[in-house]
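Peer 1: Below is one structure. I have some questions about it.
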Amino acid sequence: MSTAISIIIPTYNERDNIIALVKRIAQALSNYEYEIVFIDDNSSDGTAELAESLSPKYPVKVIVRKNKRGLASAVVDGLGYVESEVIGVMDADLQHPPEVIPYLVKELVSGADVAIASRYVKGGGCQGWGLIRRIISRGAIFLAHLLLPSTRKVKDPASGFFILNRRVVANAKLRPTGYKILLEILMEGEFQNVAEVGYIFTTRSKGESKLNARQQIDYLKHIYSLMRRTGELLRFIKFCLVGISGILVNMGLLWLLTEVAGLFYLLSAAISIETSVVSNFVLNDFFTFPDRRLPGSKSFFSRLVKYNLVCVAGLGVNMGVLWLLTDVFGIYYLIANLCGIAAATLWNYTLSTWWAWK
Ligand SMILES: Nc1nc2c(ncn2[C@@H]2O[C@H](COP(=O)(O)OP(=O)(O)OP(=O)(O)O)[C@@H](O)[C@H]2O)c(=O)[nH]1
Ligand SMILES: [Mg+2]
C-alpha cells in the first residue's frame, strides 16, 4: 500500500538537526501514513548515515547524490523517489516547524492543489531577521511578482515549505536554478487552487546556513530563465519595441503637424504625444497582451484610460529622473534623459501589467 504523505527534505550537513526533525514529524503526522525522503548531497558530517540509522524505527529513506547540485535540484530528484499522491517539501534545519504540516494537508483536503506555509500571510513572519535580510526577502518576492505575473496571487512564492498533489508536477518540466523550487513549480506546474497558511520562520538553532551571495545571484538567474521559458521575456521585449514605435510616431507627427500643417509646435507636440500613446495602446493590446484582453468595448476603453494615466505618470517619472540626475548630480542631460527613459519604461511596464492589462 502506498504511503499517504511523502515529505522530501534536501540536506547538506544537517547532522545535528536530523533526530529532532524526524521525531517532530513523526509526532505531527501520527494520524497519517507518511514517509520521509532525505536527498543528501554527500554531506561530510555524516547526515546521511545518521538519517539511515533511523530507518528501522521511522519510515525514512535516504538518497545520496555524489555531487552537490543544490537545494532545488535535490527536490526535483526527490520527486522521482516518493510514493504518495500528496508530496511535501521542507528544510531540515527546523526553521520549518513540522507541526504546520497537518494544517497544509487540511488545505489540500479542502480543495487546494498546492498548500504553502507562508511567511507573508496572517499568522506568518520571520523570527530574528535583521533589516537587510527582510529587505532582501521582500525585494526578491517583489521581483518575482513584477517579472512573473502569474506568481502574484501567492504572497510567499519563495517559500521552501509546502505540500502539493502529485498531479501538479506530474507533467511539469522542472529546471530550477538555486534554491527556489516553489517558484519553479508555480510557473511550470498544473494547478487551479493555491492556499497559504501562515507560519513563523524561526531562527536556525543548530548547524550552519548554506545561504550566501551565490544564492542571490542564482535567484536572479532563475527568474530570468523562467521569464524566457514562459514567454514573459518576449512580452517585455515586445513592450519595448512598441515603445520605440511610439517615439517614431511622436517625432514624425510632430514634424508633419509643425512643418507641413503649420501648427504651433507645442500644439503639435500635444497632439503627437497623445497619438503615440493611443498607437502604443492599440499595439500593446493586440501584440503584447493578447492573453490579457477582456472582450467588450467597455473594457477596451477602461484599459485605454488606465494606460493613458500610466503614461502621463511615466512622463513625470522621466522628467523627474532627468531633473534629479542633471540638476542634483550634475550628469550630462542627454545621458540623464536615457536613464529617465529607462525608468519610465520600467514604470510603464510595471503599472501596465499590474493595472491596465491585469
Ligand atoms: N541536497 C542539498 N540540500 C541543500 C543544499 N543547500 C542547502 N540544502 C538544504 O536546504 C535546506 C535549506 O538550506 P538553508 O541553508 O537552511 O537555507 P535557508 O533556510 O534559506 O537559510 P537560513 O535561514 O540562513 O538557514 C536545508 O535543509 C539545507 O540542508 C544543497 O546544495 N543540496
Ligand atoms: Mg535554513
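The values are calculated or read from the model by the stated rules, or taken from the named source; none is laboratory data. Everything numeric here is computed off the predicted structure, so don't read it as measured data. Virtual Cβ from ideal backbone geometry, glycine too; neighbours counted across all protein chains shown. These area figures cover heavy atoms from the full protein model, side chains too; ligands, DNA and RNA do not enter into them. Shrake-Rupley method; radii C 1.70, N 1.55, O 1.52, S 1.80 Å.
Peer 1: Would you tell me the accessible area of ARG138, worked out with a 1.4 angstrom probe on the heavy atoms of the protein chains, in Å² to the nearest 10?
Peer 2: 140
Peer 1: Normalised by the empirical 2.2 N^0.38 Å for globular proteins, what value does the Cα Rg of the range 16-70 take?
Peer 2: 1.16
Peer 1: Order THR203, THR47 by their accessible area, 1.4 angstrom probe, all chains in place, largest first.
Peer 2: THR203, THR47
Peer 1: Using DSSP to define loop residues, name the chymotrypsin sites (Phe, Trp or Tyr not before Pro) in the range 26-95 whose beta-carbon has at most 15 other beta-carbon atoms within 10 Å. Let's see the in-between values first.
Peer 2: Details: sites: TYR32, TYR34, PHE38, TYR81; in loops: TYR32, TYR81.
Counting only loop positions with at most 15 other Cβ atoms within 10 Å, the chymotrypsin sites (Phe, Trp or Tyr not before Pro) in the range 26-95 are TYR32, TYR81.
Peer 1: Net charge within 13 Å of LEU226 by Cβ-Cβ distance, Lys/Arg positive one each and Asp/Glu negative one each, not counting LEU226 itself?
Peer 2: Net charge around LEU226: +3.
Peer 1: If you bin every alpha carbon distance in the range 1-121 into 10 Å steps from zero, what whole percent lands in each bin?
Peer 2: 13, 48, 32, 6, 0
Peer 1: Mind checking the alpha-carbon convex hull of the range 229-358 and giving the volume per residue in Å³?
Peer 2: Hull volume normalised by residue count: 119 Å³.
Peer 1: Select from ALA51, ALA342, ALA195 the residue whose mean-square fluctuation is largest in a Gaussian network model of the chain (Cα-Cα springs shorter than 10 Å).
Peer 2: ALA342
Peer 1: Give the angle, between 0 and 90 degrees and rounded to the nearest 10, that separates the Cα long axis of helix 131-147 from the longest principal axis of the Cα atoms of the chain.
Peer 2: Taking the Cα atoms of the chain, the angle to 131-147 is about 60 degrees.
Peer 1: For the chain, what proportion of DSSP beta bridges, expressed in % and rounded to the nearest 5, is antiparallel?
Peer 2: Antiparallel: roughly 25 percent of the beta bridges in the chain.
Peer 1: May I ask you to list the chymotrypsin sites (Phe, Trp or Tyr not before Pro) in the range 253-358 that are in a DSSP loop and have at most 13 other Cβ atoms within 10 Å of their Cβ?
Peer 2: PHE264, PHE329, TYR332
Peer 1: What's the center-to-center distance, using Cα atoms, between the range 48-74 and the range 180-243 in Å?
Peer 2: 25
Peer 1: If you don't mind, there's one more thing I want to ask. Could you tell me the distance between the Cα centroids of the range 96-126 and the range 250-316, to the nearest Å?
Peer 2: Going from one Cα centre to the other spans 45 Å.
Peer 1: ALA4 to ASN67: FRET efficiency via 1/(1 + (r/R0)^6), r the Cβ-Cβ distance, R0 45 Å, to the nearest 0.05?
Peer 2: Numbers: r = 32 Å, r/R0 = 0.72.
So the FRET efficiency works out to roughly 0.90.
Peer 1: In the chain, what is the volume of the convex hull around the alpha carbon atoms, normalised per residue and reported in Å³?
Peer 2: Per-residue hull volume (Cα only) is 167 Å³.
Peer 1: Take the cross-link list LYS23/LYS106; LYS180/LYS210; LYS153/LYS306; LYS306/LYS358; LYS180/LYS206; LYS153/LYS298 and give me the ones stretching past 18 Å between alpha-carbons. Don't skip to the answer; put the middle values down first.
Peer 2: Details: LYS23/LYS106 21 Å; LYS180/LYS210 14 Å; LYS153/LYS306 21 Å; LYS306/LYS358 11 Å; LYS180/LYS206 22 Å; LYS153/LYS298 25 Å.
In this structure, LYS23/LYS106; LYS153/LYS306; LYS180/LYS206; LYS153/LYS298 exceed 18 Å between Cα atoms.
Peer 1: Relative to the longest principal Cα axis of the chain, at what angle does helix 297-323 sit, 0 to 90 degrees, rounded to 10?
Peer 2: Compared with the principal axis, the helix lies near 80 degrees.
Peer 1: Give me the 1.4 Å probe accessible area per residue for the range 1-107, excluding ligands and nucleic acids, in Å².
Peer 2: I get 43 Å² per residue for this part.
Peer 1: Can you compute the charge dipole magnitude of the chain about its Cα centre, using +1 on each Lys and Arg Cβ and -1 on each Asp and Glu Cβ, nothing else charged? Give it in debye, rounded to the nearest 20.
Peer 2: My answer is approximately 320 debye.
Peer 1: Round to a whole number: what % of the accessible area of the range 208-320 belongs to carbon and sulfur, probe 1.4 Å? Display every interim value, and only then the final one.
Peer 2: Working: 4940 of 6740 Å².
The computed percentage sits at 73.
Peer 1: Within the range 12-86, list the GluC sites (Glu not before Pro) lying in a DSSP loop whose Cβ has at most 16 other Cβ atoms in a 10 Å radius.
Peer 2: Those satisfying the criteria are GLU33, GLU83, GLU85.
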